[in-house]
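S.K.: Quick one: the structure is below, and I'll ask about it shortly.
The values are calculated or read from the model by the stated rules, or taken from the named source; none is laboratory data. Just so it is clear, the structure is predicted and the values come from calculations on it, not from any experiment. With ideal geometry, Cβ positions are generated from the backbone for all residues, glycine too; neighbour counts draw on all protein chains shown.
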Amino acid sequence: MANILLAYHSVYGYTRKICETMQAELQGKGHRIDVTPLVGEGTDPARYDVIVVGASIRNGKHNPVVLEFIRANQALLQSKPSAFFSVNLVARKPGKNTPETNPYVRKFLARTHWKPQLVGVFAGNLDYPRYGTLDRNIIRLIMWLTGGPTDPHARVEFTEWEEVRRYAQKIAALAPHN
């Protein structure tokens with residue numbers, strides 16, 4: 001049984017929802033899991049056997065706090081089993097839904113110089129009614145350009161939940177066996 005940290009950054013709470021799905025899967029395997037935001041909780045990542053960082057994309061980037069967390073904990077992340085996953089709408093498209101093909105994941109990991117043992121990418125959700133006017137219109141334009149939904153009332157969940165559960169099983173495989 002391992003202590004596993006699922007640390008995340010989320011704008012609208014969807015990355016947390018993905019972490020909670022992983023938490024349920026991992027607890028079912030007997031692991032102790034903490035799901036905590038990267039900002040504000042003061043959790044000491046050194047207390048954990050496995051460290052997982054999850055982050056969503058907003059305006060084409062992961063939030064700077066994600067990069068700050070990784071840089072501040074670079075040595076720790078390299079010394080323990082670690083994983084990273086990104087949540088973004090680009091991953092809804094075939095050919096952009098793997099760590100090797102997703103432009104956000106590739107660019108982010110190149111910037112960090114971190115080499116997590118496990119990398120994942122999940123398509124997020126589109127919730128136009130939840131967005132402010134500016135975000136809604138920018139996202140609609142991007143969706144129009146990329147062939148996605150543009151109805152300003154649309155709520156579309158693109159996440160493949162079975163993929164999230166499989167990723168959690170891979171996290172479990174990273175855990176040291178006692």
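S.K.: If I filter the range 118-125 for residues that are at pLDDT 95 or above, of a type in the set (Gly, Ala, Ser) and over 26 Å from ASP44 (Cβ atoms), do I get at least one hit?
M.R.: For the range 118-125, residues at pLDDT 95 or above, of a type in the set (Gly, Ala, Ser) and over 26 Å from ASP44 (Cβ atoms): present.
S.K.: Please go through the range 83-100 and pick out each residue that is within 13 Å of the chain's Cα centre (by Cα), touching a residue at least 40 places away in the same chain (Cβ under 8 Å) and not in a helix (DSSP H, G or I).
M.R.: ALA83, PHE85, VAL87
S.K.: Checking the structure you have, find out if any residue of the range 101-120 is part of a strand (DSSP E or B) and touching a Lys or Arg at 6+ places or on another chain (Cβ under 9 Å). Don't jump to the end; show me each part of the working.
M.R.: From the range 101-120, those part of a strand (DSSP E or B) are 118-120; that's our starting set.
Restricting the remaining residues to those that are touching a Lys or Arg at 6+ places or on another chain (Cβ under 9 Å) gives 118, 120.
There is at least one residue in the range 101-120 that is part of a strand (DSSP E or B) and touching a Lys or Arg at 6+ places or on another chain (Cβ under 9 Å).
S.K.: If you go through the range 158-171 one residue at a time, how many are touching a His at 6+ places or on another chain (Cβ under 9 Å) and surrounded by fewer than 18 Cβ atoms within 10 Å (Cβ to Cβ)? Before the answer, list the steps.
M.R.: So in the range 158-171, the residues touching a His at 6+ places or on another chain (Cβ under 9 Å) come out as 171.
Cutting the leftovers down to surrounded by fewer than 18 Cβ atoms within 10 Å (Cβ to Cβ) gives us none.
The qualifying residues number 0.
S.K.: Next question, about the same structure. How many residues are of a type outside the set (Gly, Ala, Ser) and touching a strand residue (DSSP E or B) at 6+ places or on another chain (Cβ under 7 Å) if we restrict to the range 77-100? Walk me through how you get there before you give the answer.
M.R.: Within the range 77-100, the subset of a type outside the set (Gly, Ala, Ser) is 77-78, 80-81, 84-85, 87-90, 92-94, 96-100.
Then drop every residue that is not touching a strand residue (DSSP E or B) at 6+ places or on another chain (Cβ under 7 Å), which leaves 77, 80-81, 84-85, 87-89, 97-99.
Number satisfying all stated conditions: 11.
To keep it simple, each residue is scored yes or no on (1) under 28 Å from TYR131 (Cα atoms); (2) modelled with pLDDT of 95 or more; (3) assigned by TED's automatic domain parsing to the domain that holds ASN102; (4) not hydroxyl-bearing (Ser, Thr, Tyr).
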| residue | (1), (2), (3), (4) |
| --- | --- |
| GLY13 | yes, no, yes, yes |
| ILE18 | yes, yes, yes, yes |
| MET22 | yes, yes, yes, yes |
| LYS29 | no, no, yes, yes |
| LEU38 | yes, no, yes, yes |
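S.K.: If you don't mind, another one. Kindly indicate the residue of the range 70-79 that is surrounded by fewer than 20 Cβ atoms within 10 Å (Cβ to Cβ) and hydrophobic (A, V, I, L, M, F, W, C) and also modelled with the lowest pLDDT among those meeting that condition.
M.R.: ALA72
S.K.: Hey, another quick one. Applying the selection to the range 154-171, what residues are part of a loop (DSSP other than H, G, I, E, B) and more than 12 Å from ASN97 (Cβ to Cβ)? So that I can check it myself, show each step before the final result.
M.R.: Start the filter on the range 154-171 by keeping residues that are part of a loop (DSSP other than H, G, I, E, B), which leaves 154, 158-160.
Once the filter is applied, which keeps residues that are part of a loop (DSSP other than H, G, I, E, B) and more than 12 Å from ASN97 (Cβ to Cβ), the range 154-171 yields only ALA154.
S.K.: Quick check on the range 80-117: of everything there that is farther than 30 Å from ARG136 by Cβ and among the hydrophobic types (A, V, I, L, M, F, W, C), which residue is modelled with the highest pLDDT? Step through it out loud before you land on a result.
M.R.: Step one: list which residues in the range 80-117 are farther than 30 Å from ARG136 by Cβ, which gives 80-83, 100, 110, 112-117.
Now narrow it down to the ones that are among the hydrophobic types (A, V, I, L, M, F, W, C): 83, 110, 114.
On the way: ALA83: 98, ALA110: 92, TRP114: 92.
Restricting to residues being farther than 30 Å from ARG136 by Cβ and among the hydrophobic types (A, V, I, L, M, F, W, C), the top hit is ALA83.
S.K.: Pick out the one residue from LEU89, LEU77, LEU26, LEU6 that is within 23 Å of GLU157 (Cβ to Cβ) and touching a Phe, Trp or Tyr at 6+ places or on another chain (Cβ under 9 Å).
M.R.: Values: LEU77 fails: within 23 Å of GLU157 (Cβ to Cβ); LEU26 fails: touching a Phe, Trp or Tyr at 6+ places or on another chain (Cβ under 9 Å); LEU6 fails: touching a Phe, Trp or Tyr at 6+ places or on another chain (Cβ under 9 Å).
Just one listed residue meets the conditions, LEU89.
S.K.: Here is a list of conditions, (1) surrounded by fewer than 18 Cβ atoms within 10 Å (Cβ to Cβ); (2) charged (D, E, K, R); (3) outside the structural domain of TYR48 (by TED's automatic domain parsing), and ARG140 meets all of them except one; can you say which number that is?
M.R.: Just one mismatch for ARG140, condition (1).
S.K.: So SER56 clears everything in (1) hydroxyl-bearing (Ser, Thr, Tyr); (2) buried (at least 20 other Cβ atoms within 10 Å of the Cβ); (3) farther than 22 Å from ILE139 by Cα except one condition, right? Which one?
M.R.: (3)
S.K.: Next up: Filtering the range 43-70 down to residues that are among the charged types (D, E, K, R) and assigned to a helix (DSSP H, G or I), which residue is nearest to SER82 (Cα to Cα)? Spell out the reasoning first.
M.R.: Restricting attention to the range 43-70, the residues satisfying the condition of being among the charged types (D, E, K, R) are 44, 47, 49, 58, 61, 68.
From the residues that got through so far, the ones that are assigned to a helix (DSSP H, G or I) too are 47, 68.
Values: ARG47: 13, GLU68: 16 Å.
Here the answer is ARG47.
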